[in-house]
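Notes to accompany the following structure.
The values are calculated or read from the model by the stated rules, or taken from the named source; none is laboratory data. These numbers were taken from a predicted model, which means no experiment stands behind them. Note that each Cβ is placed from the backbone with ideal geometry, even for glycine, and that neighbours are counted across all protein chains shown.
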Amino acid sequence: MSNAFTVSLVCWHDGEPLLRQVREAVFVREQGILPELEWDGLDEHCRHALVLTPEGVAIGCGRMRADGHIGRIAVLPKWRKRQVGTAIMEALLDYAQAHDFPQVEVDAQLHAVKFYQRFEFVEEGRVFMDAGLPHLKMRLAFICPLNNRLR
């Protein structure tokens, strides 16, 4: 298995079948999240990061809502620890900065908190349950490079 993959930002209409494959595998089958919770009706209004192998096989994804909330970061098990999640986050954070989002946030599953901390997300509030799994809200405020101040 090669480490080569590409990350593209797509709309739901263009990526739906492949995005669904990854999220069904990770969230519904692996983590046991109910389909009615996974398919929340928000996807059509999000920008999606889709990761493909050179052969066109979907191996990871994530999304950003119009309010700057990043979520649904999913990587197929055999592709974990190979920088796929990092590439997804980099693509979504680049998108947020290019579109002048002052900040972004995630509802991190507890096992993923350290992953988001690597991008300088800061924990906020207390642990809460979402879809039967413990989460923690995390936020990242962007610094404006021209004057080194928060946007």
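Quick notes on this structure:
- Total residues in the stretch 1-37 satisfying the condition of being over 18 Å from residue 49 (Cβ atoms) and of a type in the set (Val, Ile, Thr): the figure is 2.
- Every pair of residues 6+ apart whose Cβ atoms lie under 7 Å, when the first sits in the stretch 67-89 and is more than 13 Å from residue 49 (Cβ to Cβ) while the second is surrounded by 18 or more Cβ atoms within 10 Å (Cβ to Cβ) and among the small types (Gly, Ala, Ser): 68/96; 76/60; 79/60
- Yes/no for residue 32 being touching a His at 6+ places or on another chain (Cβ under 7 Å) and of a type in the set (Gly, Ala, Ser): no
- Residue in the stretch 128-148 that is within 13 Å of the chain's Cα centre (by Cα) and part of a loop (DSSP other than H, G, I, E, B) present: no
- Complete set of residues in the stretch 130-151 that are aliphatic (A, V, I, L, M) and either over 25 Å from residue 27 (Cβ atoms) or at pLDDT 95 or above (or both): 136, 138, 140, 141, 143, 146, 150
- Residue in the stretch 108-126 that is modelled with the lowest pLDDT, counting only those that are surrounded by fewer than 16 Cβ atoms within 10 Å (Cβ to Cβ) and in a strand (DSSP E or B): 125
- Single residue of the stretch 1-57 satisfying the filter (of a type in the set (Ser, Thr, Tyr) and modelled with pLDDT of 95 or more) that is nearest to residue 76 (Cα to Cα): 53
For (1) of a type in the set (Asp, Glu); (2) closer than 22 Å to residue 137 by Cα; (3) crowded, with 19+ Cβ neighbours inside 10 Å, each residue gets a yes or a no:
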{"residue": "38", "(1), (2), (3)": "yes, yes, no"}
{"residue": "41", "(1), (2), (3)": "no, yes, no"}
{"residue": "45", "(1), (2), (3)": "no, yes, no"}
{"residue": "57", "(1), (2), (3)": "no, no, no"}
{"residue": "65", "(1), (2), (3)": "no, yes, no"}
{"residue": "73", "(1), (2), (3)": "no, yes, yes"}
{"residue": "85", "(1), (2), (3)": "no, yes, yes"}
{"residue": "104", "(1), (2), (3)": "no, yes, yes"}
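- The C-beta contact set for the stretch 97-125 (first residue on the phi > 0 side of the Ramachandran plot, second residue basic (Lys, Arg) and surrounded by 15 or more Cβ atoms within 10 Å (Cβ to Cβ), distance under 8 angstrom, 6+ apart or interchain) comprises 125/137.
- Any hit, the stretch 2-19, residues being on the phi > 0 side of the Ramachandran plot and without any contact (Cβ under 8 Å) to a residue 40 or more places away in the chain: no
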